[in-house]
1. Residue by residue through the range 113-129, which ³J(HN,Hα) values in whole Hz follow from phi under the Karplus form 6.51 cos²θ - 1.76 cosθ + 1.60 (θ = phi - 60°), with glycine and proline marked x?
2. In what sequence do 130, 96 fall when counting other Cβ within 10 Å, fewest first?
3. What does the charge count near residue 6 come to, summing +1 for each Lys or Arg and -1 for each Asp or Glu among other residues with Cβ under 12 Å from its Cβ?
4. To the nearest 0.05, how large is the calculated FRET efficiency for residue 46 and residue 2 if R₀ is 30 Å and r is the Cβ-Cβ distance?
5. Quick one: order 106, 37, 20 by neighbouring beta-carbon count within 10 Å, fewest to most.
6. What FRET efficiency comes out for residue 98 versus residue 131 if R0 is 25 angstrom and r is the Cβ-Cβ distance? Round to the nearest 0.05.
7. Mean projection of the alpha-carbon convex hull of the range 51-100 over all orientations, in nm²?
8. So for each of 50-56, 74-80, 27-33 I average, over its residues, the number of other beta carbons within 10 Å; can you give me the resulting order with the highest mean first?
Amino acid sequence: MALEPGQTFPTRSYVVTRADLVRYAAASGDQNPIHQDEQVALSVGLPGVIAHGMYTMALLARAVGDWTDGAEVLDLGCKFTNPVVVPAGDEGATVVITGSVKDVTDGRATLALEVTCAEQKVLGMPRAVVRA
């Protein structure tokens, strides 16, 4: 896929359920109860069960891979700024990812990205650079 500055990508939306968090905890080894137990999350001042930050970042990586037809990722990063609160039930929380090509230089494409949930940015300064 040829990437051009200003090119925009279709919005990606991913529903995150508590069942997803249980599976992610098992795969990652991150069994912190704030990601599965409502009472524990509330007791430490959180608004409820929250998604793992790295799970949210993995959704960003998934979107980048989809948009760029699996181009080699040279850099991927972000700051974890707000939690993705995942309610009980099958409706879950929806993480929305938008992106565009900011720059293409020397065979490297820098992407401009935004990751939100409930209309609030959940990843600050998300960045990706892929081989163009």
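Please treat every number below as a calculation from the coordinates, not as lab data. Fair warning: this is a prediction, and the values are worked out from it, not measured in the lab. All Cβ positions, glycine included, derive from the backbone under ideal geometry; neighbour counts span all protein chains shown.
1. Taking θ as phi minus 60°, the curve returns 10, 9, 10, 10, 8, 6, 6, 10, 5, 10, 10, x, 6, x, 9, 8, 10 Hz for the range 113-129.
2. Placing the least packed residue first, the sequence is 96, 130.
3. With Lys, Arg at +1 and Asp, Glu at -1, the net is -1.
4. Computed FRET efficiency for residue 46 and residue 2: 0.10.
5. Starting with the residue having the fewest Cβ neighbours, the order is 106, 37, 20.
6. In this case the efficiency is close to 0.70.
7. Orientation-averaged projected area of the Cα hull: 4.2 nm².
8. Order by mean packing, descending: 50-56, 74-80, 27-33.
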